[in-house]
Protein chains: 2
Amino acid sequence: MGRAGLTTERVVRAGAELADEVGFEQVTVSEVARRFDVKVASLYSHVRNSQDLKTRIALFALEELADRAADAVAGRAGKDALVAFANAYRDYGREHPGRATAARFPLDSETAAASAGVRHARMTRAILRGYDLAEPEQTHAVRLLGSVFHGYSSLETAGGFSHSAPGSEESWTRVLDALDVLLRNWPATPTP
Amino acid sequence: MGRAGLTTERVVRAGAELADEVGFEQVTVSEVARRFDVKVASLYSHVRNSQDLKTRIALFALEELADRAADAVAGRAGKDALVAFANAYRDYGREHPGRATAARFPLDSETAAASAGVRHARMTRAILRGYDLAEPEQTHAVRLLGSVFHGYSSLETAGGFSHSAPGSEESWTRVLDALDVLLRNWPATPTP
DNA sequence: TAATTTGCCTAAAGGTTTTAGGCAAACGCA
DNA sequence: TGCGTTTGCCTAAAACCTTTAGGCAAATTA
């Protein structure tokens, strides 16, 4: 029997595809092995354990999503950039629900600090340059935007918006309009 | 050997506590059985399977959260109600991270329709009565609020805001200020 | 070509899930 | 109080996933 040509890279990529097909939670070392037509134990040379596999898929998804987001915002500013960036998130979630779920996988702080998550934060700040927000308000806004993108995508994937009118598409557009207005009229900290 | 006095109710409640201790994903029929000092098979009279257990924990958490939210908004209106409602969500996530994660567990649409999720939606709409939003804008706003609460709580639980200044507490307050401003100045649909 | 490294395999132990069938405690009723 | 029925937890067992240890052969290097 020849070799299957496994590498950590290929294993992780296969895991990401599997996540899109069956859901991130259902990703299993055994199933990935099956896809390569290889015995389970063979994967343990390329991945430490099941948790490690999931973490790597999460990191992979974060990178992929950051790449897309970077492409989307390139050459844009203001609301244009905001909308392009936000759409990169939503589209990723719709095209790759499993990977998008993976991108929300909780990482320990060390891993998170070395992940593409920091690129995401930097890009979000870059977009806020189009609005007039000084620190610490900028950080609050970054967290709000992260919450909205994260939350909307996850509710949409869970089917939360799919069984009532108006359509999710329309809500998304209006939510982005609203966020743009909000960022242009960010309230001053009330004097206590 | 006497009987353990298992009921679906008690099993689900124990599962919810377990979720808070070890994380919702780690909730397992076996571990719940261990807690009751009972053989695993015994639980299968009270719960159909592992998926069913998780679904029931999710429904339980949704009810509990809806009760808290209802208490919080009672007798309040406007920004007062918005803040109380939002805090009910965040506090629940901080006190019961496992249950809060359970409350985000994807339910099939039939189950979701019979869940306390509809109470959540109704309460959100009630809060929006304090603002001047006609349909379909009200629905868009409901979805935005759901995304923010859901997203913020989940990022906070994942530790997303815990390793940088300013503190999450402050961001949360400012996010709510911002949402209040936004709801009072919700943009009109641009004429195409 | 010989030596070494690398890659996948077999074997095996331990844990979770789920079903089937059994026995005894609790309950309902005469 | 005693009898029959129901209910609740148990044993047994099969299927699957995880993970480690050790082996052999293919690929790489010298």
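The values are calculated or read from the model by the stated rules, or taken from the named source; none is laboratory data. Small disclaimer: the values here were computed from a predicted structure and weren't measured. Cβ: placed from backbone, ideal geometry, glycine included. Neighbour counts: every protein chain shown. These area figures cover heavy atoms from the full protein model, side chains too; ligands, DNA and RNA do not enter into them. Shrake-Rupley method; radii C 1.70, N 1.55, O 1.52, S 1.80 Å.
Details
- Top-ranked residue in the stretch A:100-115 [being touching a residue at least 24 places away in the same chain (Cβ under 8 Å) and small (Gly, Ala, Ser); ranked as nearest to A:Tyr152 (Cα to Cα)]: A:Ala100
- Scope the stretch A:5-24; condition buried (at least 16 other Cβ atoms within 10 Å of the Cβ) and within 12 Å of DNA strand C (Cβ to nearest atom); matching residues: A:Leu6, A:Val11
- Flag for B:Arg90 being open to solvent by 40 Å² or more (accessible area, probe 1.4 Å) and more than 7 Å from every other protein chain (Cβ to nearest Cβ): no
- Taken together, the residues in the stretch A:21-39 that are in contact (Cβ under 8 Å) with a residue 24 or more places away in the chain and either among the aliphatic types (A, V, I, L, M) or over 23 Å from B:Gly23 (Cα atoms) (or both) amount to 7.
- Top-ranked residue of the stretch A:29-43 - restricted to ones that are open to solvent by 50 Å² or more (accessible area, probe 1.4 Å) and out of contact with any helix residue (DSSP H, G or I) (no Cβ under 7 Å at 6 or more places or on another chain), ranked as nearest to DNA strand C (Cβ to nearest atom): A:Ala41
- Selected residue (only one of B:Ser50, B:Ser45 is out of contact with any Cys (no Cβ under 6 Å at 6 or more places or on another chain), near DNA strand D (Cβ under 10 Å from one of its atoms) and of a type in the set (Ser, Thr, Tyr)): B:Ser45
- Answer residue from the stretch B:1-47, given it is more than 17 Å from B:Gly98 (Cβ to Cβ) and touching a His at 6+ places or on another chain (Cβ under 6 Å) and is modelled with the highest pLDDT among those: B:Thr8
- Here the stretch B:108-120 is the region considered, the condition is being more than 7 Å from chain A (Cβ to nearest Cβ) and open to solvent by 40 Å² or more (accessible area, probe 1.4 Å), and the residue that is nearest to B:Ala86 (Cα to Cα) is B:Arg119.
- Scanning the stretch B:157-186 for residues that are assigned to a loop (DSSP other than H, G, I, E, B) and either modelled with pLDDT of 95 or more or aromatic (Phe, Trp, Tyr) (or both) yields B:Phe161, B:Asn185, B:Trp186.
- Restricting the stretch A:135-192 to residues that are open to solvent by less than 30 Å² (accessible area, probe 1.4 Å), among the hydroxyl-bearing types (Ser, Thr, Tyr) and without any contact (Cβ under 8 Å) to a residue 12 or more places away in the chain, the residue that is farthest from the other protein chains (Cβ to nearest Cβ) is A:Thr139.
- Of the candidates A:Arg35, A:Arg3, A:Arg13, the single residue that is at negative phi and within 8 Å of DNA strand D (Cβ to nearest atom) is A:Arg3.
Residues checked against (1) buried (at least 20 other Cβ atoms within 10 Å of the Cβ); (2) at the interface with another protein chain (Cβ under 8 Å from one of its Cβ atoms):
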| site | (1), (2) |
| --- | --- |
| B:Ala100 | yes, no |
| B:Pro106 | no, yes |
| B:Thr124 | yes, no |
| B:Gly130 | no, no |
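- Some residue of the stretch A:56-69 being within 14 Å of chain B (Cβ to nearest Cβ) and within 16 Å of DNA strand D (Cβ to nearest atom): yes
- Per-region count, the stretch B:44-58, residues open to solvent by less than 80 Å² (accessible area, probe 1.4 Å) and near DNA strand C (Cβ under 7 Å from one of its atoms): 2
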